[in-house]
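Let me begin by presenting the structure, written as structure tokens, before commenting on it.
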Amino acid sequence: MALAVLRDGRILAGDMQKGLMISRDAGKTWTQNLRAGLMGLALNPADPKRLLAAGPGVLLSTNGGASWKRVLDIPEGGGPVAWSGSNPKIAYVVGFDRTLYRSADSGQTWSAVG
């Protein structure tokens, strides 16, 4: 459900059952990194160590996926997540509650967009 390839060659893949898995050898082996059902993953275009994962809400990593912090709870869950191409401090996530959420501070805080 979620996929990102980091500049250092690591592959991150997430799904609803296993959570976030990381491969450091081009997909030959995988290790679990995060125990949360995921529906979306986004790599910041200006800061490759800043990642967003969406599932039970939004989780933020500022160290390339080594650790994660929940920054937004969405009781129904969240799906697609993306960084703005024109302003890498802005990010969006679509909640399964049919709400679009926006962050204007690099994923730290979130608010509903209308």
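A few points about this structure:
- Count of residues meeting criterion [touching a residue at least 24 places away in the same chain (Cβ under 8 Å) and not small (G, A, S)] in the stretch 27-54: 13
- Consider the stretch 18-40 and keep the residues that are open to solvent by 20 Å² or more (accessible area, probe 1.4 Å) and in a strand (DSSP E or B). The one that is nearest to A91 (Cα to Cα) is L34.
Each row is one residue, and each column tells you yes or no for (1) surrounded by fewer than 13 Cβ atoms within 10 Å (Cβ to Cβ); (2) in contact with a Cys (Cβ under 8 Å, 6 or more places away or on another chain); (3) assigned to a strand (DSSP E or B).
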{"site": "K49", "(1), (2), (3)": "no, no, no"}
{"site": "L52", "(1), (2), (3)": "no, no, yes"}
{"site": "L60", "(1), (2), (3)": "no, no, yes"}
{"site": "G65", "(1), (2), (3)": "no, no, no"}
{"site": "A82", "(1), (2), (3)": "no, no, yes"}
{"site": "K89", "(1), (2), (3)": "no, no, no"}
{"site": "T109", "(1), (2), (3)": "yes, no, no"}
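- Number of positions in the stretch 91-106 that are loosely packed, with under 14 Cβ neighbours inside 10 Å and outside any loop (DSSP other than H, G, I, E, B): 1
The values are calculated or read from the model by the stated rules, or taken from the named source; none is laboratory data. Everything numeric here is computed off the predicted structure, so don't read it as measured data. Using ideal geometry, Cβ is built from the backbone for each residue, glycine included, and neighbour counts are taken over all protein chains shown. Just so you know, the surface numbers come from the protein's heavy atoms only, side chains and all, with ligands and any DNA or RNA stripped out. Shrake-Rupley method; radii C 1.70, N 1.55, O 1.52, S 1.80 Å.
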